[in-house]
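Down below is the structure, laid out as structure tokens.
The values are calculated or read from the model by the stated rules, or taken from the named source; none is laboratory data. Since we're looking at a predicted model, the values are computed, not measured. Heads up, the Cβs are rebuilt from the backbone with ideal geometry, glycines too, and the neighbour counts pull from every protein chain shown. Just the protein is used for accessible areas: all its heavy atoms, side chains included, with ligands, DNA and RNA removed. Shrake-Rupley method; radii C 1.70, N 1.55, O 1.52, S 1.80 Å.
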Amino acid sequence: MLMNKDISCANFIGLLGYLREHYGDDGVRQVFSGLVNNERYLVADNANPSRLTPIQKYHLTDPAYWVSNEFSLALFANAKNVVGDSSSLIKVGEKAAIGHFSKSSLFVSRICSSKYVCKQAAKLNARFNRTKEVKLFELTDNSAIFELHYRPNLRPTKDICNWNIGIYTGIAKITGATDVKCEETKCVVDGDEYCAFDMTWKKKPNLFKRMLRWVLRIISKDLVVDYEVTVKDRDQLIGNLIQSEERYRALTDQSLTGIFIHHDGVLAYVNDCLSQMMNYSPEEMIGKKFWDFVHPEDRKMVKEREMARARGVNHSTNYEFRALQKSGELLWLEIFATIINYNGQEACMGNVINLTAKKQAEEALGESEEKYRTVLESIEDGYYEVDMDGNFTFFNSSMCNILGYSKDELIGMKHRQVMDAETADKIYQALKEIYQSGKTTKTINSELIRKDGSKVFVESLASLIRDSNNQAIGFRGIARDITERKLAEKQRKELEAQLLQAHKMESVGTLAGGIAHDFNNLLMGIQGQASLMLMDKDPTCPDFENLKGIEEYVQNAADLTKQLLGFVKSGKYEVKPTDLNDLVKRQNRMFGRTRKEITIRGKYEHNLWAAEVDQSQIEQVLLNLYVNAWQSMPGGGNIYIQTENVSLDEHYTKPFEMKPGKYVKLSVTDTGIGMDKTTRQRIFDPFFTTKEMGRGTGLGLASVYGIVKNHGGFINVYSEKGKGATFTIHLPATEKEIMAKKEIEKDILKGSGTVLLVDDEEMIIDVSERLLEKLGYKVLIAGSGNEALKIYNKNRDKIDMVILDMIMPEMDGGETYDMLREINHKIKVLLSSGYSINGQATEILDRGCDAFIQKPFNIRDLSEKLKEIFDKAKG
């Protein structure tokens, strides 16, 4: 697995060098044992980060690579075995530090004090180790106490602690300190919260160090002093920025100096700081030309200066140039260069400071006169400053966008001009509290007025602005536009209301279904009695027309209950081949009679293909589309209806996930107000409505979409604001013939045989029994499903037909039918219900039930259904 980047391999360079020197290659091999070429320890290749490879020997001397804490613990455990025991690692660490750091990144420390190096301990640790944080607890001229706080789950071992003691001791000795002692007074391994190192040393005059300082000052023209002045200037620049701009954070962190040495431009040495600064490993830089790492535009200048200095020409020892990291990122660097004797040869040595942060600080400081324009213009929140009179003195573009004013319009404007009196008083009280307490306010939610008069909701924080004399001179604040959030909250409340409305509608639907069922049973009683009376009346009888009128009224009432049942209809459709021209024309006439201000114009395809549809559902689709069109034309208008035969290829149907083939196309166009793109995209969403609360459920067009989809068709809409709308429906065509509507037989069809009548309503039993007897049938009565099973078992050879009610207590029609089928799978059953043919009734019919008759039915309907079943059985 890929290792975590906890510890830089720079930590191992001194260790491996020491082991190779004192224990030879065999000692190094023992340290690597079980670690290199191990699939458990994978690193990402620097040249190709996507390539993972088991760690190799060369990785462990390349500071560009990092390993996990687990790997480091294993490596030092191996090292302990090589040197003898854990305590020996103290001496190893000391020698490794002296041998490695004196040559590389702590070269400068040879001319620095131990106290100075101690101050850099936290930064040194941060560069090489991410398992812990080093804190300098106490520092004097001759002592220091360090605290090592390890990250959770990344605990050291005694091997690591002893190695650290040696490293700290060795670094102190590099600076010229004597009698260095380092003791671990607290240790995580022993159960303490952190490790603590108590280090003491003695200073002694160091002639070499003083001579080196003197020589460096002469040769490099006071290089160190220049460097210290530059660092001081940089720190002063950052300090001035922080002081002049209270809100601005520090732009750069101090870093150690990069050091390089080159012979005739060829790099002979680079320290870790410079290699990390440039994002290269030291090995990648050594042996290459120094100016190869310089920006192309500055390369000629740098090359000329460095080569001239190498020839002894008096050139500036200090200048700035641009360099490119390995990633191509630009760096601004400052160089302090001088000629030194290196390995017996004259060479050029340079100290490099990363000025990128300084350049950024200078740029930020220059932009401070424009009030952090770059920073403030990049944020979405509005930033503003007002004086004590409430006049806008500064703001960013986001503030202008929030209020809808240009910068020229907003500058100097009183803040009261963008709010009503109530909001102005609220803001005044908040600013008054800030002025009196000096504290930043809590979030203030307010409603502001944009230039165009529209309202915008903002939440803001404000604080006091003080001048250099600590006098209040105004207020500054951040304002965030929360209009969308407010609208979302409003929409959420509206959705909750819509859901509540939908639940109400569902409850109403359930109630409507129950009422329709019970009402149909009552109508059945009335219809049955009327049919019985008509059987005994001659058409010339005075009461004949009155009875026919009762039948007509019963039929009208039945049609009303069908509408109620249609309101709650669900489940499988009662589909049959249909001429949509006839259906559309019929619906047009009905809607046109109710909306006189709307003119409906039709254009119908001759010989229109048939489509298999549930006629009542398609009527509902048309009605919803007509109502939608009517509501979009409050002053009246036209609705255009067109039917067409179309053949669609895969290119057209694929976006709708439909099969290519023949379709019947139905278009409904209105001359209404139209809709924009946002509305078009949501027009078929459940609960989406453009009408105000209480005037629509947002379910009409959603149900249109669902019905069309369930018919195997698809619907789309085209509309523009102010240009009306066109809804286009495509329904699959069928080759099946349209069945002509059967004419009602003038004569009542009598028959013979025994019928088992099953119903839990005494009124239905009474009237149905007499109707069946009038038709010539013998009748057996059952008031429940269980009773029906007993009677059928007893009289199965006599019973020719069962008329079965669907809704009954205890055992309903579906269960009763299944039990009867178990007794006789050829049984003939006519299902009867006050509900329409949907849901449960459709399921029973699908299981083999012969036919369905909906209450209320007259004697003629009953006779036809019975004859239809008997004829089907014969034939």
Quiz item: Looking at (1) modelled with pLDDT under 85; (2) assigned to a loop (DSSP other than H, G, I, E, B); (3) farther than 24 Å from HIS730 by Cα; (4) of a type outside the set (D, E, K, R), which is the only condition SER570 fails?
Solution: (3)
Quiz item: Can you spot a residue in the stretch 606-616 that is out of contact with any helix residue (DSSP H, G or I) (no Cβ under 7 Å at 6 or more places or on another chain), without any contact (Cβ under 8 Å) to a residue 60 or more places away in the chain and either acidic (Asp, Glu) or within 30 Å of GLU737 (Cα to Cα) (or both)?
Solution: yes
Quiz item: Can you pull out the residues in the stretch 128-163 that are open to solvent by less than 40 Å² (accessible area, probe 1.4 Å) and within 40 Å of the chain's Cα centre (by Cα)?
Solution: PHE128, ASN129, THR131, LYS132, VAL134, TYR150, LEU154
Quiz item: In the stretch 636-658, which residues are closer than 30 Å to ARG595 by Cβ and open to solvent by 80 Å² or more (accessible area, probe 1.4 Å)?
Solution: TYR640
Quiz prompt | Near pairs, Cβ below 8 angstrom, 6+ apart or cross-chain, from the stretch 377-401 (open to solvent by 60 Å² or more (accessible area, probe 1.4 Å)) to any residue that is of a type in the set (A, V, I, L, M, F, W, C) and outside any strand (DSSP E or B) | solution = THR393/ILE411
Quiz item: Could you give every pair whose Cβ atoms fall below 6 Å, whose first residue belongs to the stretch 407-424 and is within 15 Å of ARG450 (Cβ to Cβ), and whose second residue is open to solvent by 30 Å² or more (accessible area, probe 1.4 Å) and among the charged types (D, E, K, R), counting only separations of at least 6 or pairs across chains?
Solution: THR423/GLU447
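Every residue in the stretch 434-452 that is touching a strand residue (DSSP E or B) at 6+ places or on another chain (Cβ under 7 Å) and either open to solvent by 30 Å² or more (accessible area, probe 1.4 Å) or over 24 Å from ARG485 (Cα atoms) (or both), please.
Passing the criteria: ILE434, TYR435, GLY438, THR440, THR443, ASN445, GLU447, ILE449, ARG450.
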Quiz item: Which one of these does ALA702 not meet: (1) among the hydrophobic types (A, V, I, L, M, F, W, C); (2) modelled with pLDDT of 80 or more; (3) buried (at least 17 other Cβ atoms within 10 Å of the Cβ)?
Solution: (2)
Practice problem: Quick one: count up the residues across the stretch 32-73 that are surrounded by 19 or more Cβ atoms within 10 Å (Cβ to Cβ) and either on the phi > 0 side of the Ramachandran plot or small (Gly, Ala, Ser) (or both). | Solution: 3
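Quick one: in the stretch 411-424, which of the residues that are among the hydrophobic types (A, V, I, L, M, F, W, C) and within 10 Å of ASN391 (Cβ to Cβ) is most open to solvent (accessible area, probe 1.4 Å)?
ILE411
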Quiz item: Taking into account only those residues within the stretch 844-870 that are touching a helix residue (DSSP H, G or I) at 6+ places or on another chain (Cβ under 7 Å), among the aliphatic types (A, V, I, L, M) and over 20 Å from VAL554 (Cβ atoms), which is surrounded by the fewest Cβ atoms within 10 Å (Cβ to Cβ)?
Solution: ALA851
Quiz item: What's the number of the condition LYS659 fails, among (1) more than 30 Å from the chain's Cα centre (by Cα); (2) at pLDDT below 85; (3) among the charged types (D, E, K, R)?
Solution: (2)
Practice problem: Note down all Cβ pairs under 7 Å where the first residue falls in the stretch 61-75 and is part of a helix (DSSP H, G or I), the second is open to solvent by 30 Å² or more (accessible area, probe 1.4 Å), and they're at least six residues apart or on different chains. | Solution: THR61/ILE13; LEU73/THR157
Quiz item: Looking at the stretch 164-179, which of the residues that are in contact (Cβ under 8 Å) with a residue 40 or more places away in the chain, in contact with a strand residue (DSSP E or B) (Cβ under 8 Å, 6 or more places away or on another chain) and over 26 Å from VAL31 (Cα atoms) is surrounded by the most Cβ atoms within 10 Å (Cβ to Cβ)?
Solution: ALA172
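Quick one: would you say LYS303 is at pLDDT below 90, touching a helix residue (DSSP H, G or I) at 6+ places or on another chain (Cβ under 8 Å), open to solvent by 30 Å² or more (accessible area, probe 1.4 Å) and not polar (S, T, N, Q)? If you could, list the steps in order and put the result at the bottom.
Values: at pLDDT below 90: yes; touching a helix residue (DSSP H, G or I) at 6+ places or on another chain (Cβ under 8 Å): yes; open to solvent by 30 Å² or more (accessible area, probe 1.4 Å): yes; not polar (S, T, N, Q): yes.
Criteria met by LYS303.
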Quiz item: Looking at (1) at pLDDT 85 or above; (2) within 54 Å of the chain's Cα centre (by Cα), can you tell me which one THR178 breaks?
Solution: (2)
Quiz prompt | Residues of the stretch 611-635 that turn out to be open to solvent by less than 40 Å² (accessible area, probe 1.4 Å), in a helix (DSSP H, G or I) and farther than 27 Å from LYS721 by Cβ, as a count | solution = 2
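Here are some residues: ALA873, ALA841. Which one is farther than 18 Å from GLY528 by Cβ, modelled with pLDDT under 85 and open to solvent by less than 20 Å² (accessible area, probe 1.4 Å)?
Details: ALA873 fails: open to solvent by less than 20 Å² (accessible area, probe 1.4 Å).
Result of the check over ALA873, ALA841: ALA841.
Just the residues that are part of a helix (DSSP H, G or I), open to solvent by less than 20 Å² (accessible area, probe 1.4 Å) and either farther than 20 Å from TYR777 by Cβ or not aliphatic (A, V, I, L, M) (or both), please, taken from the stretch 791-826. Before you say what the answer is, go through the steps one by one.
Restricting attention to the stretch 791-826, the residues satisfying the condition of being part of a helix (DSSP H, G or I) are 791-795, 813-823.
In the following step, the residues that additionally are open to solvent by less than 20 Å² (accessible area, probe 1.4 Å) were identified as 792, 813-814, 816-817, 820.
TYR792, GLY813, GLY814, THR816, TYR817 - these are the residues of the stretch 791-826 that are part of a helix (DSSP H, G or I), open to solvent by less than 20 Å² (accessible area, probe 1.4 Å) and either farther than 20 Å from TYR777 by Cβ or not aliphatic (A, V, I, L, M) (or both).
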Quiz prompt | Among the candidates GLU193, GLU184, residue that is touching a strand residue (DSSP E or B) at 6+ places or on another chain (Cβ under 9 Å), loosely packed, with under 14 Cβ neighbours inside 10 Å, at pLDDT 90 or above and not hydrophobic (A, V, I, L, M, F, W, C) | solution = GLU193
